[in-house]
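The values are calculated or read from the model by the stated rules, or taken from the named source; none is laboratory data. Predicted model only: the values in this text are computed from it and were never measured. So basically every Cβ, Gly included, is an ideal-geometry build from the backbone, and we count neighbours across all protein chains shown. Just so you know, the surface numbers come from the protein's heavy atoms only, side chains and all, with ligands and any DNA or RNA stripped out. Shrake-Rupley method; radii C 1.70, N 1.55, O 1.52, S 1.80 Å.
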Amino acid sequence: MGFWFGRSFAALALLVCVLLADPCQAKGLSTKFYAKTCPDVAAVVRSAMAQVVAKEPRMGASIIRLFFHDCFVNGCDASILLDDTPTFTGEKNAGANVNSVRGYEVIDAIKTQVEAACKGVVSCADIVALASRDAVNLLGGPTWNVQLGRKDSRTASGTAANANLPGPGSSAASLVAAFAAKGLSAREMTALSGAHTVGRARCLMFRGRIYADTNINTTFAAARRLACPQSGGDGNLAPFDDQTPDAFDNAYFKNLVAQRGLLHSDQELFNGGSQDALVKKYSGNDGMFAGDFAKAMVKMGGLMPAAGTPTEVRLDCRKVN
C-alpha cells in the first residue's frame with residue numbers, strides 16, 4: 001500500500017477547525033481534549049488501525065461508514081455500537097445497518113487498548129472519530145485534526161436509523177435534503193459521498209441500478225451483472241470503484257462522469273443536476289476533493305446528540321455502564 005501515500009494529497013494536514021472555529025468551540029470539542037488525561041490516545045488508535053488496514057484494506061472503508069452511520073443518527077455518540085438486549089432495540093439491526101455495517105469488533109479491540117492506557121477516560125464515540133480519520137489516511141487520503149470530547153449515548157434508536165440514513169435508491173434531491181437536515185451543504189454531501197471511492201457494496205444494494213437504470217455504462221453494467229444475478233446472490237460484493245478499489249482517491253468522481261457509479265444514489269450526483277459541475281471539478285482535482293472531504297468530516301463529526309440525551313463514557317462500547 002506504500003504507493004498510496006505518495007498521492008499528491010496523502011500528506012495533506014488540514015487544520016480545518018480554523019475554518020470551522022465557531023462550530024467546534026460551540027460544541028465543546030477540542031483537539032487537545034485528552035492532552036492531560038490520555039495524551040497517547042491518537043497514537044494508540046493509529047497503531048491499531050494501521051494493523052487492521054494492512055491486514056484488510058476493506059475494513060478501512062467499513063470504519064469510515066461506521067462513523068457516518070453513527071453521526072447521522074442523533075449525532076456522533078456511539079449509539080450504533082450498542083447491542084440489542086431483551087428490553088432494548090438499538091441501531092445495529094436497522095435496515096441500513098443489518099448485514100451491512102461492520103467493524104464493531106475493530107472498535108472493541110481499540111477500546112480495550114485505550115482502556116489499558118487510560119481507564120474510563122476516552123469515549124467510544126471519540127475512538128470511532130479517530131479511527132475513521134486514520135482509515136482515510138491509511139488508504140492514501142488526507143488527514144485532519146480530530147475534534148475530541150464526545151460522550152457516549154446511553155440509548156439508541158433503530159427507528160431513527162431507518163428514518164435518517166439515506167438509501168441506495170435515493171434521488172439527488174433527497175440526498176441534499178437529508179444532509180441539509182444535519183446542517184450539511186450540498187457541496188459537503190457530494191464531498192462526503194466521495195468516501196465511496198473505497199469499500200464494497202452488496203448485490204442487493206445495486207441490483208436495481210445495473211438492471212433498470214439507463215444512465216449506466218453498458219460495459220460496466222455487464223461486468224457487475226456477472227456476480228449479481230436478477231435473483232439470488234444478494235450478499236455478493238462489488239467494489240464501488242473497480243479501478244482503484246482500496247485507494248482513497250478521486251476515482252469515484254471520474255467513475256460518475258463515465259456513468260460507472262455503482263449505486264443509483266451515486267450516479268444521481270452526476271445526472272444533469274445541481275452537483276454535476278462539482279463532480280466534474282473533483283474528477284479533475286483530487287486535492288480539491290481531499291480538502292473538501294476533510295473539512296466536511298470535521299463538520300459532520302461535530303453533530304451532537306439532542307440536548308438532554310443521557311451520556312457517559314462507556315467502559316464497554318457494546319453496552320451502557
Filtering the stretch 99-143 for residues that are open to solvent by 10 Å² or more (accessible area, probe 1.4 Å), closer than 19 Å to residue 71 by Cα and either touching a His at 6+ places or on another chain (Cβ under 8 Å) or without any contact (Cβ under 8 Å) to a residue 60 or more places away in the chain (or both) leaves a count of 4
Among the residues of the stretch 30-74, how many are part of a helix (DSSP H, G or I) and among the hydroxyl-bearing types (Ser, Thr, Tyr)?
2
Across the stretch 158-183, the tally of residues that are outside any helix (DSSP H, G or I) and more than 22 Å from residue 62 (Cα to Cα) stands at 3
Kindly list, by first and then second residue, each pair from a residue in the stretch 232-255 that is open to solvent by 50 Å² or more (accessible area, probe 1.4 Å) to a residue that is in a loop (DSSP other than H, G, I, E, B) and among the small types (Gly, Ala, Ser), limited to pairs with Cβ atoms under 7 Å and residues at least 6 apart or on different chains.
236/227
Restricting to the stretch 287-314, name every residue that is farther than 22 Å from residue 28 by Cα, touching a helix residue (DSSP H, G or I) at 6+ places or on another chain (Cβ under 9 Å) and open to solvent by 20 Å² or more (accessible area, probe 1.4 Å).
288, 292
Can you name the condition, by its number, that residue 189 falls short on among (1) aliphatic (A, V, I, L, M); (2) open to solvent by 20 Å² or more (accessible area, probe 1.4 Å); (3) under 26 Å from residue 272 (Cβ atoms)?
(2)
Of everything in the stretch 265-279, what is part of a helix (DSSP H, G or I) and either in contact (Cβ under 8 Å) with a residue 24 or more places away in the chain or not assigned by the TED database to the domain that holds residue 189 (or both)? Give them in sequence order.
265, 266, 267, 268, 269, 278, 279
